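Have a look at the structure below, then the notes.
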Amino acid sequence: MKKILESKNLCKTYYSNDVEFHALKNVDLTINQGEFVAIMGQSGSGKSTLLYTLSGMDDITGGEVYIKDKKVNNLKAKEITRIRRENIGFIFQGINLVSNLTLKENVVVPGYLATKSKDIINKRAKDLLSKMEIMDQINKLPSQVSGGQKQRAAIARAMINSPDILFADEPTGALNSSSGKAVLDLIKNFNEDGQTIVMVTHDIKSASYANRVVFLKDGRIEGELDLKKYQTDNQEKVIFDFLSEKGW
Amino acid sequence: MRTILLMVRANIKSKILQSIALAAVFIAVSILFFLSVRLFGTVGAYEDMYIESKTSQCLIYVEGEDSKDIIVNYLENNEEVLNINVLSNFNNIIESNIVQGDELISIPDAMFTEYSTSEFDQIKWVEGKTVNELLDNEVIYSYGKSKLKNISVGDTIVINTEQGTREMIIAGIGIDLTYNFDTITLNRFWTTKSNVESLENGEKEYSIGISYYNYSGESEQVILDEINAVLGDKTANILTVSHELILTANSFFQMIMGSIFTLIGVILIFVGLFIIRSIVFNNIVADSKKIATLKSTGFSSKNIVSIYVLEYGVIAFLSIIIGGLVSLLLSNVVLGDLNELSNLFGSSNSVNIIQMVSVLIVMLLVIEFTVYLAARDVSKINPAVALSRGEQVNETKSTFSLIQHKRLPISLVLAIKDIFYNKKMIITLILFIVATSFTIVTLSSASYSLNTQKDNNELWLGYDIDAKVVSSTPLDLEAHDNMILELEASEYIEGTVTVYLDLNSQIFDDNQEKYLSSISEVFVTENKEPIDFSVLDGRLPDNEDEIMIAHNLLVMLKKEIGDYTTVRSLGEEKELLIVGEYQSMANQGTTFRLFLDEIDDEFLNTSLIKVNFVEGFSEEQMFAEVDNLFGSDVTLVIEYSNASMVSMIDVLGLVTGGVIGIFAVICLVVLLNLNLTNVYKERYNYGIYKSIGMDDKKIINIYLFKNSIINIIGLIIGGAIAILIVPSVMNVITGILGIVEFPTNIDYLSILVSTLIVFAVTFINALIIKRNVSLITPKELLVE
Ligand SMILES: Nc1ncnc2c1ncn2[C@@H]1O[C@H](COP(=O)(O)OP(=O)(O)O)[C@@H](O)[C@H]1O
Ligand SMILES: [Mg+2]
């Protein structure tokens, strides 16, 4: 199996008012191509911090992060921008669409940034948006559609440049349970087509869509669970037992 | 209340850069405001000094003891006359020059007047000797004129009279209280009675100053008419400068300065308030999440509005005080010249505390009211909506599609989308740039046009001449004609004309059924062609039965070309056919022109031969030519269109420079302000752009594209309005002076200047904003 994302001794320390806070402590994590990894942990355990540092959205204070064997930490602004544009896609809990662009425009902008051929991007955006089943909404502004529809557009935006890794930070956090389930099904679909996915969640149901669970506690990896070994129908129970054992 | 104060402090602290930028706007606006108020204050001081004062209001210059006695006798028995100030006067001067080293400064139409120390006197001492200290051959000269011509205490004036040459020393400087703008005055030198008398030979001359109990134009006219009546055939011996005439001449300066300052003031007030409004509005939009949180915890809209009102109140209060202090420094250092001009009004430079405090209070109230109006939008913020969406979103559907414009750079397309999205903000910015470019182009063009016409005698006088020829001995008709023959024979002289100005002329007004006092210009010339007489409409008179009337007078009389009119001129009453109209600045465009075949002996002595030299002939060459023709008996005096006009133009140039500078600064701080609030508001979007792989450069490019589009639209609109409006504005202003058709030139350089200022400001802002943008990280998008 080909490894696509790797962190070695990853540390992240926040300094505020002369107080040091170690949000991540020597995290070693390897993710292979095609995996769907769920990062779990209690609130404040460092899940989001891990996701932001792995994806190059935030800088790190120690260790190394590699995407496709390329070191991505401590890069120049220009290079980190390239990585955001070409290697990763990001789905936020807060959705974060640009409010004065229509859904479709939100989707194409990163594509336009990365590629010269805008026709190809327009076509790909259309494919993605129809896959997301929001073709009838694409000319609306984010404020004119529902939360679930916005998050689908955000997923299409994250996928527009066919990223090596799709990161998602509590993608269903802002949604009701039925639209949450639909969004997770869509993400799972991409994974079934071979897309590598790293998703943060504190919800066992969401985690059951993944094929590996990484449990984070106080900025350290406390354990990992390979879900492929278990039957699909009792995965939620398996995760629950695993978490209970690790001190959830 | 305590909570609110705490919030205010926290708000100012958390937005320190914006607060400073906003303070800078207030400071800049208050500086301009204070400066204008101070200038208006000096204009106000003029009111007290000239309109309310009982200084000799009307002046009658009279020749001969008998005539003087008749006038004084009449005035003493008139109940409306408060005081009669009879002073010895001498103006029988052929030529006078002030000597400064090798330099000769010509002083046309100089006169020497006795200085009396009564409260009705016409001079206010400024420097050097006062009248009581004057020795033989010492004089006092006007402050404004001395500034204009660079003359100072200690300079010598050399005067040529029929008895020979005399030298006098300028021992003191004073302000002429007859005119509010000292440079408009006659070239009067004040001196002791004995000095005036020592100049005299033959007939005595007097200047009679009249002060009225209650001045009115009509009663003055009655008095002057009656004086003419009692004088009978001696009317030719007097020259009257009525109070009405002085007041119109005085309004000249105020009108031009007044219109400029009113224009700038109105623009600033509107733009200023609009900007404050939109800054506050933008802040509220940017703060909507915070406001929603406050609301959800129980703050009322009223509480929140009072936070804003207090917050901006504190910033405005401090800024206005700083602005006031800076304006004091500025008016004394940078605008020193302008200050000196206010001295010409005779006002002092002392700071008027009450004035400053009232300006402060008024500005504060206006700003607070604007903030209050804008902050009322707080009530529209719905906690649920604002908190869940992160910001209050404009629900209008976007019209500009990104997808269709896929060939344009992405930053440009996003910039255009932003423009459609933020209409309110964009309109504010455009309006501001329109105001900036309009003011700069208008003022520069006015100043430039006046400057290019500075030496255009043809425009200001209504005919084209370069100089007048003055003989040291009185000429009889034959000698006069011979002189003209010789002048005309010179290949360097295009033409000559003999001019007599009858200042005691009258013209009958059919509407009011009475005579109006006027000035007639009487011309005698063989060949009118080379003198280029102004003809607005109709033609020049062909014979002595025809008349030409200046535009403003013709309008006043409600007459047309082809009508007949009755005039009194050269001591006769005549009915004449109006054949044309012309423009000239003399007497505010209320003169008339007669063309005679020959001038009467009686008037020959006081008439002048004026000459027009060939194009491109320098002044030295002109002097040499006249010297070559006549030797030292005849001198040449260069004709300057109007000293007050020239000083006016200098003032305008100064004001224009100052205003452009101030606008550049205001432009910088205002745009920086609006842009900073915008970055603050856009922070969230910029974070998203960064997370999807947009670099700082592209984000700054969105800003640059957006502002360039705004700049270009604003400059085009502002420039176009200015270009369209300036000629008519100039025609209105100069029309009141008698020049209805003024050749206005657009100062295209000023369009370039405003473009440079606006774009320089954009780029400076971009540099500042760049720092802010680079600090934004996608991590801010994280939801806790
Ligand atoms: N900018 C910051 N400054 C200081 N501490 C922070 C900052 N961001 C996060 N933290 C702290 O780091 C820890 C991990 O945060 P986070 O990664 O957001 O946790 P999670 O997503 O698991 O809830 C928390 O205790 C949080 O308080
Ligand atoms: Mg989190």
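The values are calculated or read from the model by the stated rules, or taken from the named source; none is laboratory data. As the structure is a computational prediction, the values presented were derived from the model and not from experiment. Here Cβ is always computed from backbone atoms with ideal geometry, including for glycine, and neighbour counts include all displayed protein chains.
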* Residue identified as within 30 Å of A:Gly89 (Cβ to Cβ), within 14 Å of chain A (Cβ to nearest Cβ) and within 16 Å of ligand 2 (Cβ to nearest atom) among B:Lys779, B:Lys770 -> B:Lys779
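One line per residue, one yes/no per condition, for (1) among the hydroxyl-bearing types (Ser, Thr, Tyr); (2) in contact with a helix residue (DSSP H, G or I) (Cβ under 9 Å, 6 or more places away or on another chain); (3) away from ligand 1 (no atom under 16 Å from the Cβ):
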site	(1), (2), (3)
A:Ala158	no, yes, yes
A:Ala182	no, yes, yes
A:Ile187	no, yes, yes
A:Glu192	no, no, yes
A:His202	no, yes, no
* Name the one entry in A:Ser117, A:Ser99, A:Ser130, A:Ser146 that is within 11 Å of another protein chain (Cβ to nearest Cβ), surrounded by fewer than 18 Cβ atoms within 10 Å (Cβ to Cβ) and not basic (Lys, Arg). => A:Ser117
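I'm trying to understand the selection: among the residues of the range A:193-232, which are within 16 Å of ligand 2 (Cβ to nearest atom), outside any strand (DSSP E or B) and more than 14 Å from chain B (Cβ to nearest Cβ)? Lay out the reasoning, then the answer.
If we filter the range A:193-232 for residues that are within 16 Å of ligand 2 (Cβ to nearest atom), which is where we start, we get A:198-203, A:206-207, A:214-219.
With the extra rule that they be outside any strand (DSSP E or B), the set shrinks to A:201-203, A:206-207, A:218-219.
Correct list: A:Asp203, A:Ser206, A:Ala207, A:Asp218, A:Gly219.
Among the residues in the range A:26-36, are any more than 15 Å from ligand 2 (Cβ to nearest atom) and within 13 Å of another protein chain (Cβ to nearest Cβ)?
At the first step, the residues of the range A:26-36 found to be more than 15 Å from ligand 2 (Cβ to nearest atom) are A:26-36.
Going one step further and asking which of them are within 13 Å of another protein chain (Cβ to nearest Cβ), we end up with none.
No.
Within the group A:Gln151, A:Gln93, which residue is within 16 Å of ligand 1 (Cβ to nearest atom) and either in contact (Cβ under 8 Å) with a residue 60 or more places away in the chain or touching a strand residue (DSSP E or B) at 6+ places or on another chain (Cβ under 6 Å) (or both)? Steps first, please.
Details: A:Gln151 fails: within 16 Å of ligand 1 (Cβ to nearest atom).
The match here is A:Gln93.
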* To do: For the range B:119-139, enumerate the residues that are exposed (fewer than 14 other Cβ atoms within 10 Å of the Cβ) and assigned to a loop (DSSP other than H, G, I, E, B).
  => B:Glu119, B:Leu135, B:Asp136
* Extreme residue, surrounded by the fewest Cβ atoms within 10 Å (Cβ to Cβ), among residues of the range B:219-245 that are over 16 Å from B:Gly209 (Cα atoms) and charged (D, E, K, R) -> B:Asp233
* Being within 23 Å of A:Leu243 (Cβ to Cβ) and surrounded by 15 or more Cβ atoms within 10 Å (Cβ to Cβ) is the filter here, so list the residues in the range A:13-36 that pass it. => A:His22, A:Ala23, A:Leu24, A:Lys25, A:Asn26, A:Val27, A:Leu29, A:Ile31, A:Glu35, A:Phe36
* To do: State whether one or more residues within the range A:39-54 are in contact (Cβ under 8 Å) with a residue 24 or more places away in the chain, more than 16 Å from ligand 2 (Cβ to nearest atom) and at negative phi.
  => no
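Return the residue satisfying two criteria in turn: it lies in the range B:735-759 and is without any contact (Cβ under 8 Å) to a residue 40 or more places away in the chain and of a type in the set (A, V, I, L, M), and of such residues it is nearest to ligand 1 (Cβ to nearest atom).
Taking the range B:735-759 as the starting set, the residues that turn out to be without any contact (Cβ under 8 Å) to a residue 40 or more places away in the chain are B:748, B:752, B:756.
If we keep only those that are of a type in the set (A, V, I, L, M) too, we end up with B:752, B:756.
Values: B:Leu752: 49, B:Leu756: 43 Å.
In this case the residue turns out to be B:Leu756.
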* To do: Give the residues of the range A:54-76 that are facing chain B (nearest Cβ under 10 Å) and either in contact with a helix residue (DSSP H, G or I) (Cβ under 7 Å, 6 or more places away or on another chain) or crowded, with 19+ Cβ neighbours inside 10 Å (or both), sorted by residue number.
  => A:Ser55, A:Gly56, A:Met57, A:Asp58
* Structure fact -> Sole miss for A:Leu186 among (1) free of Cβ contacts under 8 Å to residues at least 60 places away in the same chain; (2) within 16 Å of ligand 2 (Cβ to nearest atom) is condition (2)
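Can you name every one of the helices (runs of 4 or more DSSP H) wholly within the range B:365-452 that holds 3 or more residues which are farther than 14 Å from B:Phe281 by Cβ and at pLDDT 85 or above? Walk me through how you get there before you give the answer.
Values: elements: B:383-389, B:410-421, B:423-452.
Helices (runs of 4 or more DSSP H) meeting the threshold: B:410-421, B:423-452.
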* Structure fact -> When every residue in the range B:199-218 that is among the polar types (S, T, N, Q) and surrounded by fewer than 16 Cβ atoms within 10 Å (Cβ to Cβ) is compared, the one nearest to the chain's Cα centre (by Cα) is B:Ser216
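Out of everything in the range A:37-53 that is among the small types (Gly, Ala, Ser) and within 14 Å of chain B (Cβ to nearest Cβ), what residue ends up being surrounded by the fewest Cβ atoms within 10 Å (Cβ to Cβ)? Before the answer, list the steps.
First, pick out the residues of the range A:37-53 that are among the small types (Gly, Ala, Ser): A:38, A:41, A:43-46, A:48.
Retained after the next criterion (residues that are within 14 Å of chain B (Cβ to nearest Cβ)): A:43-46, A:48.
On the way: A:Ser43: 8, A:Gly44: 12, A:Ser45: 21, A:Gly46: 24, A:Ser48: 24.
Across the range A:37-53, the extreme among qualifying residues is A:Ser43.
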* To do: Output the residues belonging to the range B:687-713 that are without any contact (Cβ under 8 Å) to a residue 60 or more places away in the chain and more than 8 Å from chain A (Cβ to nearest Cβ).
  => B:Lys697, B:Ser708, B:Ile712
* Asked: Does B:Leu22 fit the bill of being at pLDDT below 70 and either crowded, with 19+ Cβ neighbours inside 10 Å or acidic (Asp, Glu) (or both)?
  -> no
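Tell me yes or no: at least one residue of the range B:761-773 is in a helix (DSSP H, G or I), within 16 Å of ligand 1 (Cβ to nearest atom) and touching a Phe, Trp or Tyr at 6+ places or on another chain (Cβ under 7 Å).
Initial filter on the range B:761-773 (in a helix (DSSP H, G or I)): B:761-773.
Filter once more, keeping what is within 16 Å of ligand 1 (Cβ to nearest atom): none.
No: zero hits.
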* To do: Quickly run through the range A:19-36 and pick out the residues that are closer than 27 Å to A:Lys228 by Cβ and within 15 Å of ligand 1 (Cβ to nearest atom).
  => A:Leu24, A:Val27, A:Leu29
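Might you let me know whether the range B:577-584 holds any residue that is under 22 Å from B:Leu475 (Cα atoms) and surrounded by fewer than 19 Cβ atoms within 10 Å (Cβ to Cβ)?
Of the range B:577-584, the ones under 22 Å from B:Leu475 (Cα atoms) are none.
The answer is no; no qualifying residue exists.
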* What is the one condition in (1) more than 14 Å from the chain's Cα centre (by Cα); (2) within 14 Å of another protein chain (Cβ to nearest Cβ); (3) over 23 Å from A:Lys68 (Cα atoms); (4) touching a residue at least 40 places away in the same chain (Cβ under 8 Å) that A:Gly173 does not satisfy? -> (1)
